[in-house]
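This structure is in structure tokens; I'll ask about it shortly.
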Amino acid sequence: MDTNKAATALKKYFGYDSFRPMQMDIIQTIYQKKDVLVLMPTGGGKSICYQIPAVTMDGVGVVVSPLISLMKDQVEGLRSNGINAAFLNSSQTIGEQRQVEDDLYNGNLDLVYVSPEKLVSQNFTSLLESIKVALFAVDEAHCISSWGHDFRPEYTQMRFLKQKFPGVPIVALTATADRATRKDICIQLQQRQPEVFVASFDRPNLSLSVKPGQKRFEQILDFIKERRDQSGIIYCLSRKSTEDLAGKLLSKGIKAAAYHARLPPGERSKVQEDFINDRIPIVCATIAFGMGIDKSNVRWIIHYNLPKNIEGFYQEIGRAGRDGVKADTLLFYSYQDVMVLRDILTQNESAQQELKLAKLERMKQYAEAMTCRRKLLLTYFSEQSEVNCNNCDVCKNPPEYFDGTVITQKALSAVVRLKQSVSSSLLIDVLRGSGRKEIMQRGFQNIKTYGAGRDLPTRDWQFYLMQIINRGLLEIAYDEHNALKLTTASKAVLFDGAKIELVKMQVANARQAAAKAKAKPKTKRERVRDELFEKLRVLRRDLAHKQGIPPYLIFSDKTLEEMAAKRPLLDADMMDISGVGEQKLKRYGNLFMDAILNYIKEQQQAGIKIQGTTHILTFDLYKQGLSVEEIAAQRKLNPVTIYSHLAHLYTKGEAIDIFKFLSQAEYDRIEQGIKAMTPPFQNKDIFEYLHEEVPYYKIKFALAHYDKLFLEKN
Ligand code: ADP
Ligand code: ZN
């Protein structure tokens, strides 16, 4: 099977111009009927890797997925792209299942999604044996392994596939799989020397940033204000904090809902539905949220608390920006969170306790990083990256160092005087001379360094203390209520006058100031683009609501952005937009083009000209039945200009009856002229060749027609 076929199907069904790196190689391998293991991050484009072979190869593609809740959306998405797809699982009535089975039997389907239970059932296997199967795709393949973090026992019964269908390629796909899991997948599926494809786990469209965890709510409000109506998730550690936070947002007039495992199932699925369908933009959730969600236009993720490990963190931020459009992630970090998590981990003895603590430590390193955060993440996933990403807060605002010897001395000497018995928050309060009860009771107001750090706000002290600890100048005794202890390195500062460089606290403030200063007023072009995007978004939402499907299934944010920037008004231009395939063009093309045209007309009435639209305004009047002269009069343009607009539209494939303006005899005469020319030539050359007897606009029409005939013939 050739690559052309795959590329053609990609354009026709999905509206995409090219494959992403690796997709084509994977597809080719499947064409060769070889087994494949695909490791790609969430949003990397795994589905296309088996969907394209399924629609281009003989027989049906059978997709096994543990996420029953997702199947409906996935199938809906495929159908809206004109692909014959269906799903089979226990959520359907017997009648519905029978219908799908009939369709399968009759060869009417390109893709069928099934639950693992269904796949291994006797009936279904027999059905598959009686038809042609193009491939098996096992999605979320890490569920097969007890090493993975999401083990599903029913996934371990698929060995029989290879035995019963030896010639059918098995494609296993996952976003997370360490070496042990990878091996397990291949063994369990009995894959024969599978080709393994490991895509980069980098998600360059996700911005990364970490902020100190003080005044989180105010920070969140600011963050949301800059992202009105955008979908986002705030991950919290506890059920209670999801509810508190959602409540506080609501009280500020911001639509938000809480989501956690203890909600009644009905309510839980309602929140999820409302989020997917853009009815509620913000969900405050525990980690349970997001597993069964394919929503591509999640624009931001906030971690209200530090996650337990980088795997979980990366998976959660990975839920943003699956459409490839820029998305923002923000992690709030406070040392308190580390301690809470450490307590949880050490409370119950577990076999993997040490491993878990080590993973938490890596997470903490991410939060405290003073070098590119993305590099750190990629290194964690064993990927080397040489360059700084320029899309994380550290890259955008590299740390500035200053002489922090005095600050460090104050902190260390207070620790000495407090007999190494207090935690960092109490230490800061002593340094700042707080009148807190505990301080008074323990008599700490009498020590020499009490109030010695008054000049710095608590936030700054936390920031510096964190660095001091990371430098190994202080140690936390987790088994003594997190009391701070001196280390051998502290002595050098206390007694030998060692100099200590610290990162300036102003970084965060300067960064905000810089961002504000940079926020230039929008250019006209940007304003038009943003306003139009908004109109298209509303149209998309209304259409989706009417059909009861999620808006992103109509067009992704990326597609709408491109429409808003390029303003397609003709079928041919619409087809050039990434994400507009044949089916979508048929179904939604005119609706979106009308919206764009209406916007342009509104602007024009307000006296604002938008470039590149003049022929469309002509076309609009033409379609209303006006003559060329009438259009020219109304648009205050020369009729010749109107003719040239119409000729241009004709070349674009629009329904213009050019023989209203040009007789067949005239065309024949001009055609002779065209044939007599050697390219490249200009209209003027033909004009002269025809003794300046035929007006230019007729030459334009004839050329348009000639090109069209030529294209049709070839
Ligand atoms: P995954 O299953 O790996 O999480 P998806 O298959 O859902 O990712 O793809 C993520 C997004 O990227 C989808 O919106 C998909 O349509 C889009 N996409 C996939 N391949 C391409 C491509 N070649 N060109 C443009 N967009 C693509
Ligand atoms: Zn970076």
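The values are calculated or read from the model by the stated rules, or taken from the named source; none is laboratory data. Quick caveat: nothing in here was measured; it's all calculated off a predicted structure. So basically every Cβ, Gly included, is an ideal-geometry build from the backbone, and we count neighbours across all protein chains shown. Only protein heavy atoms, including side chains, enter the accessible area calculation; ligands, DNA and RNA are left aside. Shrake-Rupley method; radii C 1.70, N 1.55, O 1.52, S 1.80 Å.
Expressed as a rounded percentage, what relative contact order does the chain have, with Cα pairs under 8 Å and six or more residues apart?
Rounded, it is 11 percent for the chain.
Ignoring ligands, DNA and RNA, please state the percent of accessible area on the chain from carbon and sulfur, probe 1.4 Å.
The nonpolar share, carbon plus sulfur, comes to 50 percent.
Another question, then. I need to check one value: relative contact order of the range 617-713, counting alpha carbon pairs closer than 8 Å and at least 6 residues apart, in percent.
Contact order relative to length: 28 percent.
Here's another thing I want to ask about it. Projected onto the charge dipole of the chain (+1 at Lys/Arg Cβ, -1 at Asp/Glu Cβ, origin at the Cα centre), which of ALA483, GLN315, VAL325 gives the Cα projection farthest towards the positive end?
Ranked along the dipole, the leading option is ALA483.
Could I ask something else about it? Which residue, LEU536, GLY612, VAL580, has the largest displacement toward the positive end of the dipole of the range 531-612 when charges sit on each Cβ (Lys, Arg +1; Asp, Glu -1)?
LEU536
Related question: What distance in nm separates the simple spin-label points at ARG159 and GLU480, each placed 7 Å from Cα in the Cβ direction?
Spacing of the two 7 Å Cα→Cβ label points: 5.5 nm.
Could you please report the charge total around TYR696, scoring K, R as +1 and D, E as -1 over all other residues with beta-carbon less than 14 angstrom from its beta-carbon?
-2
Calculate, for the chain, the solvent-accessible area per residue in square angstrom, rolling a 1.4 angstrom probe over the heavy atoms of the protein chains.
48
Once both axes come from the Cα atoms, what is the angle between helix 405-417 and the longest principal axis of the chain, in degrees from 0 to 90, rounded to 10?
50
Quick check for me: using +1 on Lys/Arg Cβ and -1 on Asp/Glu Cβ, what's the dipole size of the range 561-714 about its Cα centre, in debye to the nearest 20?
So the magnitude is around 260 debye.
Which residues' amide hydrogens lie under 5 Å from the amide hydrogen of VAL64, considering only partners 5 or more residues apart or on another chain, with H built in the peptide plane?
VAL114, ALA137, VAL138, ASP139
Report, in debye and to the nearest 20, how large the dipole of the chain comes out about its Cα centre when Lys and Arg carry +1 and Asp and Glu carry -1 on their Cβ.
So the dipole magnitude of the chain works out to roughly 2360 debye.
Below 11 angstrom from the Cβ of VAL406, what's the summed charge of the other residues (Lys, Arg +1; Asp, Glu -1)?
0
Run the dipole for the range 206-335 about the Cα centre, Lys and Arg Cβ at +1, Asp and Glu Cβ at -1, nothing else charged, and hand back the magnitude in debye, nearest 20.
Roughly 240 debye, rounded to the nearest 20.
I need the fraction of alpha carbon pairs in the range 3-198 separated by more than 31 Å, rounded to a whole percent.
Result: 11 percent of Cα pairs exceed 31 Å.
Using only Cα atoms and rounding to the nearest 10 degrees, what angle (0 to 90) does helix 696-713 make with the longest principal axis of the chain?
Helix 696-713 sits roughly 80 degrees off the main axis of the chain.
Another question, then. Provide the packing ranking of 376-385, 310-319, i.e. peptides ordered by the mean count of other C-beta atoms within 10 Å per residue, highest first.
The packing order, highest mean first, is 310-319, 376-385.
Farthest toward the dipole's positive end in the chain, which of GLN23, LEU456, ALA9, given Cβ charges of +1 (Lys, Arg) and -1 (Asp, Glu) about the Cα centre?
Looking along the dipole axis, the top candidate is LEU456.
Which order do the peptides 624-631, 367-374 come out in when sorted by mean C-beta neighbours inside 10 angstrom, highest first?
Order by mean packing, descending: 367-374, 624-631.
Once the convex hull of the C-alpha atoms of the range 206-335 is built, how many Å³ does it hold per residue, rounded to a whole number?
In the range 206-335, the Cα hull volume divided by residue count equals 102 Å³.
Which value in nm describes the separation of the simple spin-label points at GLU688 and GLU671, placed 7 Å from the Cα toward the beta carbon?
It is 2.6 nm.
Kindly provide the Kirkwood hydrodynamic radius of the range 531-612 in Å, to one decimal, from all pairs of distinct alpha carbon atoms.
After inverting the mean inverse Cα-Cα distance, the result is 12.9 Å.
Report, to the nearest 10°, how far helix 353-368 tilts away from the longest principal axis of the Cα atoms in the chain, using its own Cα long axis and a range of 0 to 90°.
70
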